[in-house]
Each structure stands twice: as structure tokens, then as C-alpha cells.
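Have a look at the structure below before the remarks.
The values are calculated or read from the model by the stated rules, or taken from the named source; none is laboratory data. What you are looking at is a predicted structure, and each value in this text was computed from that prediction instead of being measured. Backbone-built Cβ (ideal geometry, glycine too); neighbour counts: all protein chains shown.
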Ligand SMILES: NC(=O)c1ccc[n+]([C@@H]2O[C@H](COP(=O)([O-])OP(=O)(O)OC[C@H]3O[C@@H](n4cnc5c(N)ncnc54)[C@H](OP(=O)(O)O)[C@@H]3O)[C@@H](O)[C@H]2O)c1
């Protein structure tokens, strides 16, 4: 049976870059994203690489949808690579954020990543060799005000992945986490990065570059993928700066973004 890579959040940004990177390597893909965001058109482009492409449009913040899509995958495909890429976040004052927004971040980043992995892990274990790549963020390495829930959810993904790596290390499933820094993947992300000044641009890479390095390192069995020297410096700073220096510093940089947004209204 032919093998597939499953990519969540595949219609744009980093997920789309992953799909094209895998297509160039002649790996068949199953694309998952929200409805009406161009997955069929993207599938047509990917088929030009002479690979098999399937897609499924759904909202992964809903538990029942996660069950339905993973049942569909298990019924139809042999999965040798799972990329949990779909994720959302943003910059908001916690006291002003509505509860639906907070819940969607938690459901997409935390619930869907862990439950999709759980639902597909036996499928992955049936393949001769298989990989799981979870997309966390540099934000996983420190809490920060005005983002609050997002870095906490990415810390979850980071720790979840490291634990699972250890648990599955004697199986055929290799588990890895990538921690991207800033990427100008969409209008919101681009505006946020520009407003954060120099801090926001430290470690900036294109999604295509991030996807290419991540897949290369995944297949080299790198279990914690860091991207470029800029992110290396950020990581080092977050390790050496004590929390009482780091937390107010990062929070101030993020607050600057909120203040600039207020000025442009
Ligand atoms: N951009 C950055 O600076 C940055 C930095 C570090 C880490 N990351 C992480 O990298 C990953 C990709 O980010 P990105 O910037 O490429 O994001 P993006 O451009 O917003 O793309 C996110 C993808 O996830 C899909 N998605 C969003 N909500 C979904 C839902 N409820 N159900 C199913 N699919 C959903 C989107 O589908 P639609 O197109 O249909 O909305 C899109 O395909 C995320 O996990 C993010 O946290 C990003």
C-alpha cells in the first residue's frame, strides 16, 4: 500500500510550504485545513509533481471533527509521516480577549495536536519507518504577557513531543519538534512582526526555508529542530536570562505591538 504524509493547516503559510517540500521529494500528501481555503486548487498544483494528493476540509478546534477526519485517514491511507502544523495565536490583552478566542487556541494547538497523534499512532506504527513532526514555536521557551495562552500552548506541544519521543524511541516511529521563530506567513503575522521591531525580526525566516530545513533535519532524526543562528541566539538568551529579566523584557516588546495597533486605529 502506498504511504502518505498527513499535514494539518496545509492551505497556507508553513503548512503549504511543507506540502510543496514533500511533493518535491515525491512524497504523497493528505492535506487538512479549514473549509473553502483553496485546498482542491492546491491539490491540483501538487499533482504536477506526480504524487498522490488527497484533502479534507474541517475545523480542527472541534473534537468530533478530529475524530471524523482521523477515522477517514485510518480507513483510506497508510501514514508514514504526520505533521501537526495547524496552530493559531495572536496578541491580545487577556482581560479583553473573548473566551471563544481563548478556547479555539487551546482546542487547535493542544487538543487537536494530541488527539490526532493518538488516533494515527497505530497507523504510523504499522509502516516500516514513520515520523511525527510537531510544530511548536520559539514562544515555547518563555511565558510572555499579552500572548499568555499561545506560548503556554506551544510549551505544551514542545513537552508533549519530547515525552512522546522518549516513549516511542524503541519503535519505528521517530518523533520530533520544530520551534520556528518569526515567519511572514500571512497578513496578521507580518503586521505583528513589523510592529515588534528588531526583537520581532530576530530569527526571521521564510516558511519555505523553515519547511526545507525541518524536513531535512527530521529525516536526519533530529529530535528538536532549531532554525538558523538568529533563533539559536534567541534560544540561548531565553536559557541564560533569569525569568525576572526575561518575562518583563518580552512582555514589553509584545506590549509595544498592542500600543502601535491602538495608534493606527
Ligand atoms: N508565523 C509565525 O511567525 C510562526 C512562528 C512560530 C510558530 N508558528 C506556528 O507555525 C504553524 C503554522 O503557522 P502559520 O503562520 O503558517 O499559520 P497560518 O498562515 O495562519 O496557517 C495556519 C494553517 O492552519 C489552518 N487552520 C487554522 N485554524 C484551523 C482550524 N481551526 N482547523 C483546521 N485548520 C486550521 C489554516 O487554514 P486556513 O487557511 O483555512 O485558515 C492554515 O492552513 C502554527 O502552528 C504556528 O503557531 C508560526
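For the reader, a short list of remarks on this structure follows.
- Yes/no for residue 88 being out of contact with any strand residue (DSSP E or B) (no Cβ under 6 Å at 6 or more places or on another chain) and over 26 Å from residue 184 (Cβ atoms): no
- Yes/no for residue 144 being more than 12 Å from the ligand (Cβ to nearest atom), in a loop (DSSP other than H, G, I, E, B) and touching a residue at least 60 places away in the same chain (Cβ under 8 Å): yes
- For the stretch 171-181, the criterion of being more than 11 Å from the ligand (Cβ to nearest atom) and surrounded by fewer than 20 Cβ atoms within 10 Å (Cβ to Cβ) is met by at least one residue.
- Condition met for residue 41 (under 19 Å from residue 114 (Cα atoms) and over 20 Å from the mean Cα position of the chain (by Cα)): no
- Residue check, residue 110 more than 11 Å from residue 177 (Cα to Cα), part of a helix (DSSP H, G or I) and touching a strand residue (DSSP E or B) at 6+ places or on another chain (Cβ under 8 Å): no
- Positions within the stretch 38-84 being part of a helix (DSSP H, G or I) and touching a helix residue (DSSP H, G or I) at 6+ places or on another chain (Cβ under 6 Å), in sequence order: 46, 66, 70, 74
- Condition met for residue 211 (within 11 Å of the ligand (Cβ to nearest atom), within 18 Å of the chain's Cα centre (by Cα) and either part of a helix (DSSP H, G or I) or surrounded by fewer than 17 Cβ atoms within 10 Å (Cβ to Cβ) (or both)): yes
- When restricted to residues that are part of a loop (DSSP other than H, G, I, E, B) and more than 13 Å from residue 47 (Cα to Cα), the stretch 7-25 contains 4.
- Residue count for the stretch 240-265 satisfying the condition of being within 21 Å of residue 135 (Cβ to Cβ) and exposed (fewer than 13 other Cβ atoms within 10 Å of the Cβ): 0.
- Residue within the stretch 162-169 that is surrounded by 18 or more Cβ atoms within 10 Å (Cβ to Cβ), assigned to a helix (DSSP H, G or I), modelled with pLDDT of 95 or more and within 19 Å of the chain's Cα centre (by Cα) present: yes
- Single match in 150, 131, 101 (criterion: farther than 27 Å from residue 29 by Cα and either assigned to a loop (DSSP other than H, G, I, E, B) or more than 10 Å from the ligand (Cβ to nearest atom) (or both)): 101
- Conditions (1) part of a loop (DSSP other than H, G, I, E, B); (2) closer than 30 Å to residue 122 by Cα; number of the one not met by residue 181: (2)
- For the stretch 1-37, taking the residues that are modelled with pLDDT under 95 and within 16 Å of the ligand (Cβ to nearest atom), the one that is surrounded by the most Cβ atoms within 10 Å (Cβ to Cβ) is identified as 37.
- Close contacts from the stretch 53-79, counting a first residue that is farther than 17 Å from residue 33 by Cβ and a second that is near the ligand (Cβ under 9 Å from one of its atoms) and in a helix (DSSP H, G or I), with Cβ to Cβ under 9 Å and a gap of 6+ residues or different chains, come to 63/107; 63/112.
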